[in-house]
């Protein structure tokens with residue numbers, strides 16, 4: 001899926017194998033030995049030359065960065081680690097192509113890259129395939145406080161009881177609303193339905209609510225949010241299919257209720273991000289579910305009719321609270337890297353407080369490390385980062401199913417949920433079908 005690809009505009013095709021260069025500086029001499037002075041007749045001994053620390057070169061693969069944040073991050077790291085040089089390798093703008101090129105390299109046990117970025121839905125697949133270096137021991141020895149990271153972002157990199165990636169930046173579903181039409185954002189989905197009905201037609205609006213309901217990855221994100229808000233789950237902690245439960249059914253029923261109502265366009269099942277955000281920018285609705293990029297578009301006078309009229313809130317809650325589908329990118333270490341120690345130092349810096357501050361201030365990327373939002377420079381960089389509702393919204397992010405066969409699981413969800421939204425089957429039937437098809441996939 002790409003929705004959040006303000007986050008990840010990528011470019012350039014992958015270059016061929018890169019030789020890792022190492023160089024040495026002038027050997028340093030050790031201090032003279034301590035002890036009694038030698039007699040005048042004794043011959044003087046020359047100090048034994050000691051080898052200098054070897055300079056290591058890392059290759060960091062990521063998408064094209066339209067800002068200078070990656071360059072600044074690498075410069076800051078190299079200043080703190082003068083014996084480690086980092087080369088930035090740009091990957092294709094198409095995330096599918098990027099994924100496939102990684103698979104080709106790692107399946108051949110190539111060490112040409114050391115650290116690389118992963119979409120949040122890749123870690124389980126790459127971990128099971130043996131492409132990633134496990135991080136648990138490294139995190140423990142360096143005292144990484146995982147509880148200070150947004151839980152959903154950290155969980156996205158956990159598979160089989162091990163941590164394989166660290167979260168770099170986050171995207172999450174949010175509720176955007178017209179503050180000229182709405183006094184207080186809705187707290188629950190039922191509240192949203194009521195307010196959407198009440199505001200429909202006001203201020204030139206045609207609808208009350210906009211979302212993404214076409215049969216594609218965005219539909220999965222919306223479904224995950226409804227399901228989790230009511231306490232449902234798709235897979236359990238052991239990776240077993242757990243979708244057939246009353247909470248998941250209730251969440252899907254609420255989703256169907258909204259899609260079938262008159263608060264959304266009659267053709268809402270054709271809406272992806274572009275269709276929904278365009279309608280919102282034209283002032284056609286008081287509410288929209290979308291990703292953080294929506295806020296910047298709403299302030300763009302060249303395309304928005306609602307400049308300075310938009311506010312943000314977490315998505316409405318169900319019985320179990322508010323839930324937002326997790327998007328964003330992770331950082332991992334190639335298992336076949338010849339420099340795992342240095343790679344960890346770079347990954348730790350990049351996903352730590354200093355690295356995430358640089359990415360937020362110079363790249364506009366939403367941190368996954370919660371204390372970074374308290375930094376004054378970060379808050380100045382974007383009104384979102386100083387907005388408690390934004391921080392609460394992304395903190396409610398939940399990952400999509402963590403499984404090596406995610407693309408196949410996603411396809412099942414898209415098909416069965418689409419049928420339910422079209423009235424071709426009930427929520428109960430859709431959930432039963434998803435359970436049966438997912439169990440079949442798990443056996444293969």
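All of 150, 113, 144 fail the test of being in contact with a strand residue (DSSP E or B) (Cβ under 9 Å, 6 or more places away or on another chain) and closer than 27 Å to residue 295 by Cα, apart from 150. Restricting attention to segment 429-444 and to residues that are under 19 Å from residue 236 (Cα atoms) and touching a helix residue (DSSP H, G or I) at 6+ places or on another chain (Cβ under 8 Å), the residue that is surrounded by the fewest Cβ atoms within 10 Å (Cβ to Cβ) turns out to be 441. Residue 383 passes all but one of (1) modelled with pLDDT under 95; (2) surrounded by 18 or more Cβ atoms within 10 Å (Cβ to Cβ); which number fails? Result: residue 383 passes all but (2). For residue 365, the stated conditions hold: it is under 16 Å from the mean Cα position of the chain (by Cα), modelled with pLDDT under 95 and within 24 Å of residue 99 (Cβ to Cβ). The set of residues from segment 114-134 being assigned to a loop (DSSP other than H, G, I, E, B) and touching a helix residue (DSSP H, G or I) at 6+ places or on another chain (Cβ under 7 Å) comprises 114, 121, 122, 131, 133. Checking each residue in segment 345-362 for being surrounded by fewer than 22 Cβ atoms within 10 Å (Cβ to Cβ) and in contact with a strand residue (DSSP E or B) (Cβ under 8 Å, 6 or more places away or on another chain) picks out 345, 348, 352, 353, 357.
Looking across segment 417-434 at every residue that is more than 13 Å from residue 253 (Cα to Cα) and part of a helix (DSSP H, G or I), the one that is nearest to the chain's Cα centre (by Cα) is identified as 434.
Scanning segment 137-150 for residues that are in contact (Cβ under 8 Å) with a residue 60 or more places away in the chain and in a helix (DSSP H, G or I) returns 138, 148. Per the conditions (1) under 28 Å from the mean Cα position of the chain (by Cα); (2) under 14 Å from residue 210 (Cα atoms), the sole criterion not satisfied by residue 296 is (2). Here residue 134 meets each of (1) within 30 Å of residue 284 (Cβ to Cβ); (2) free of Cβ contacts under 8 Å to residues at least 40 places away in the same chain with one exception, condition (1). Here the strands (runs of 3 or more DSSP E) wholly within segment 156-210 that include at least 3 residues being in contact with a strand residue (DSSP E or B) (Cβ under 7 Å, 6 or more places away or on another chain) and within 30 Å of residue 138 (Cα to Cα) are 166-172. Filtered by the rule that a residue be at pLDDT below 95 and assigned to a loop (DSSP other than H, G, I, E, B), segment 283-313 gives 291, 292, 299, 300, 301, 302, 303.
A residue that is out of contact with any helix residue (DSSP H, G or I) (no Cβ under 8 Å at 6 or more places or on another chain), assigned by TED's automatic domain parsing to the domain that holds residue 115 and touching a residue at least 12 places away in the same chain (Cβ under 8 Å) occurs nowhere in segment 356-379. In segment 153-162, the qualifying residues are those that are in contact with a helix residue (DSSP H, G or I) (Cβ under 8 Å, 6 or more places away or on another chain) and buried (at least 24 other Cβ atoms within 10 Å of the Cβ), and the one that is modelled with the lowest pLDDT is 156.
Each row is one residue, and each column tells you yes or no for (1) at pLDDT 85 or above; (2) surrounded by fewer than 18 Cβ atoms within 10 Å (Cβ to Cβ); (3) assigned by TED's automatic domain parsing to the domain that holds residue 366.
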| position | (1), (2), (3) |
| --- | --- |
| 47 | no, yes, no |
| 62 | yes, no, yes |
| 70 | yes, no, yes |
| 76 | yes, yes, yes |
| 82 | yes, yes, yes |
| 94 | no, yes, yes |
| 101 | yes, yes, yes |
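The values are calculated or read from the model by the stated rules, or taken from the named source; none is laboratory data. Treat the numbers as computed from the prediction; the structure is a model and nothing was measured. All Cβ positions, even for glycine, are placed from backbone atoms using ideal geometry, and neighbour counts span all protein chains on display.
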